[in-house]
Amino acid sequence: MNLLLNDLTPTWKIYKQFNQPLSIAHTFNKYFCNTGSELASALPKSSYPCECYVNNHGHKLKFSAINEAEVFLSLDQLDTKKSFGIDRVQPFM
C-alpha cells in the first residue's frame, strides 16, 4: 500500500472494490497496524540502547488514590457550555 501514496487513483480503485463496511474497516486496520513496524524495520540499527536517548530530568509522576466523590466534584466544575473534546466525553452528566 506504500506504493499508492503518490497516486491515489489505484487507492480509490481498491476502495471501490469493497462493498461491506467491515471489509473497509479490516483493510484500514491491517494497514495502520503494519505501518509502525514497517517504518521501524526501515530504520538503521543502533548500537546504543534506547535509554540513552531519554533525558532524565529527575521528574517523576506521582499518583494518589481518589474516590468517586472527588471525580464527581471535578466533573461538576467543567464548563457545560463548551463542546466535548477528542475523547467525545460530554462536559455534563
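DSSP loop chymotrypsin sites (Phe, Trp or Tyr not before Pro) in region 21-93 with at most 15 other Cβ atoms within 10 Å of their Cβ, which ones? Walk me through the numbers before you get to the answer.
Values: sites: F28, Y31, F32, Y53, F63, F72, F84, F92; in loops: F63, F84, F92.
Qualifying residues, ordered by number: F63, F84, F92.
Helix check for the chain. Which DSSP H runs span at least 24 Å along their own axis by Cα, with a mean Kyte-Doolittle hydropathy no less than -1.0? Write down the numbers at each step before the final one.
On the way: long enough: 21-42 (31 Å, 0.04).
Within the chain the helices that satisfy the rule are 21-42.
Take the Cβ-Cβ distance between D79 and H59 as r, set R0 to 22 Å, and report the resulting FRET efficiency rounded to the nearest 0.05.
Numbers: r = 30 Å, r/R0 = 1.34.
It comes to 0.15.
When the helix-only estimate is applied to the chain (DSSP H runs of n ≥ 4, each -39,500 (n - 2.57), divided by the residue count), what is the mean residue ellipticity at 222 nm, nearest 500 deg cm²/dmol?
Calculated at 222 nm, the ellipticity per residue is -14000 deg cm²/dmol.
Just rank E70, E51, fewest to most, by other beta-carbon atoms within 10 angstrom.
Working: E70 10, E51 7.
Ranking E70, E51 by Cβ neighbours within 10 Å, fewest first, gives E51, E70.
Does the chain come out rounded, prolate or oblate, given a ≥ b ≥ c as the square roots of the eigenvalues of its C-alpha gyration tensor, rounded meaning a/c under 1.5 and, failing that, prolate meaning a/b above b/c? Present the calculation step by step, with values, prior to reporting the outcome.
Values: a/c = 3.37, a/b = 1.31, b/c = 2.58.
Oblate, since a/c reaches 1.5 and b/c is not below a/b.
Taken together, the values in this text are just the output of simple stated rules run on the coordinates, not laboratory data. Bear in mind that the values here come from a model prediction, so they are computed numbers and not experimental data. Using ideal geometry, Cβ is built from the backbone for each residue, glycine included, and neighbour counts are taken over all protein chains shown.
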